[in-house]
Amino acid sequence: MAEEQTTKQSARAPRAPREGRERRREQQDVKTDGFEELTINIDRVARVVKGGRRFRFKALVAVGNKKGKIGVGVAKGQDVTTAITKAGEVARKHLITVPLNDTTIPHEVEVKHTGARVLLKPAAPGTGIIAGGVVRSVVELAGVTNLISKSLGSTNKVNIAYATIDALKSLVPRDKWVTTKNAPKKVAKETR
């Protein structure tokens, strides 16, 4: 009897993939589009209602292509996967371009966002990323491989992530620096 069941099962034709699954796979492929998504932090947050506490999840997600584009998003959802998906979408909507100088940043920068202060310094090749957890995650996804950083002030991960994004946003590319070589020339006024 057991032999008959195994022969019946093996004689069946393989199932065709369901359309729903195929569509989901296609959506995931479109969603990735060269960007890497990293979940930095997940928190359980509560709101107090008449019957007790209602729990939700807050996700902090960074999205980057390791070629100078980076975004950070925060979102809440009923479960962890919903929160992560929403935060990833928020991060993709707020992408910034980071001016890279080979494998590091062009100059030193210090930025304060709410209570968190972040200091970023360029480093020589071979130094690696010397940074704390949140700053390291964001900077790696931006494509920087040599950097020295220090987080000052608040230890709130969300604020540190946004302070890092603000610091990377405030960088000026090396060719846009105003120096004596590329300073605008003063034109003498003609006298009539």
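Annotation note: GluC sites (Glu not before Pro) in the stretch 82-157 located in DSSP loop regions with a Cβ neighbour count of at most 15 within 10 Å are E108. Estimated at 0.36 nm per residue, the fully extended path between R56 and D175 surpasses their Cα-Cα distance by 38.2 nm.
Taking 0.36 nm per residue of separation and subtracting the current Cα-Cα distance, fully stretching the chain between N101 and K150 would add 15.7 nm.
None of the figures in this text is laboratory data; all of them are computed from the coordinates on show. Owing to the predicted nature of the structure, the values given are computational and were not obtained by experimental measurement. Note that we place each Cβ from the backbone using ideal geometry, even for glycine, and neighbour counts take in every protein chain shown.
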